[in-house]
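Just below is one structure, and these are the notes that go with it.
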Amino acid sequence: MAIPSDLEALLSRKQTAEALTAAGYPTSGATLATKATRGGGPPYSKYGPRALYKWGAALGWAQSRLTPARGSTAEADAQPNLGCDTACAADINLPAHLHTKASSHHPRSTIPRCKPVAPHAGPEGPDHADTSI
């Protein structure tokens with residue numbers, strides 16, 4: 001399948017996997033199906049029994065999974081953890097359509113999910129609030 005030029009194009013799961021692979025993000029339909037069940041995949045809509053993905057959203061999801069360029073495998077240890085410890089996908093500039101609730105994600109997902117964060121009561125966060133007032 002060719003890479004769609006229209007970011008709003010609706011693609012089947014198979015077409016989405018083929019287009020992502022053609023765009024340089026090797027992805028199988030089975031991976032998309034698993035992520036639709038467990039969480040961590042691109043957003044999709046249902047049309048009857050079929051999952052349909054907007055090309056722009058699927059491409060944004062794939063791009064968000066790409067790590068920064070590295071010169072060696074040792075540099076991976078120095079990269080920040082963008083997994084479940086991340087307060088919100090907005091903190092790493094993911095598109096708004098990729099923000100989802102933490103309750104439905106798979107623990108090993110590589111997509112950061114928004115999760116509730118207690119309001120910061122002091123410069124060090126809620127556990128270090130200034131109680132001298």
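The values are calculated or read from the model by the stated rules, or taken from the named source; none is laboratory data. None of these values were measured; they are calculated from a predicted model. Every residue, glycine among them, receives a Cβ derived from its backbone with ideal geometry; neighbour counts consider all protein chains shown.
Entry remark, region 25-78: residues being under 18 Å from Leu11 (Cα atoms), more than 18 Å from the chain's Cα centre (by Cα) and not small (Gly, Ala, Ser) number 4 in total.
Residues that are crowded, with 16+ Cβ neighbours inside 10 Å, at pLDDT 95 or above, under 19 Å from Gln63 (Cβ atoms) and touching a His at 6+ places or on another chain (Cβ under 7 Å): does region 18-29 have at least one? No - not one qualifying residue is present in region 18-29. The set of residues from region 26-53 being among the basic types (Lys, Arg) and within 19 Å of Leu66 (Cα to Cα) comprises just one member, Lys35. Quick check: is even one residue across region 53-60 surrounded by fewer than 17 Cβ atoms within 10 Å (Cβ to Cβ) and hydroxyl-bearing (Ser, Thr, Tyr)? Checking region 53-60: not a single residue is surrounded by fewer than 17 Cβ atoms within 10 Å (Cβ to Cβ) and hydroxyl-bearing (Ser, Thr, Tyr).
Among the criteria (1) modelled with pLDDT of 80 or more; (2) among the β-branched types (Val, Ile, Thr); (3) over 19 Å from the mean Cα position of the chain (by Cα), the one Ile133 does not fulfil is (1).
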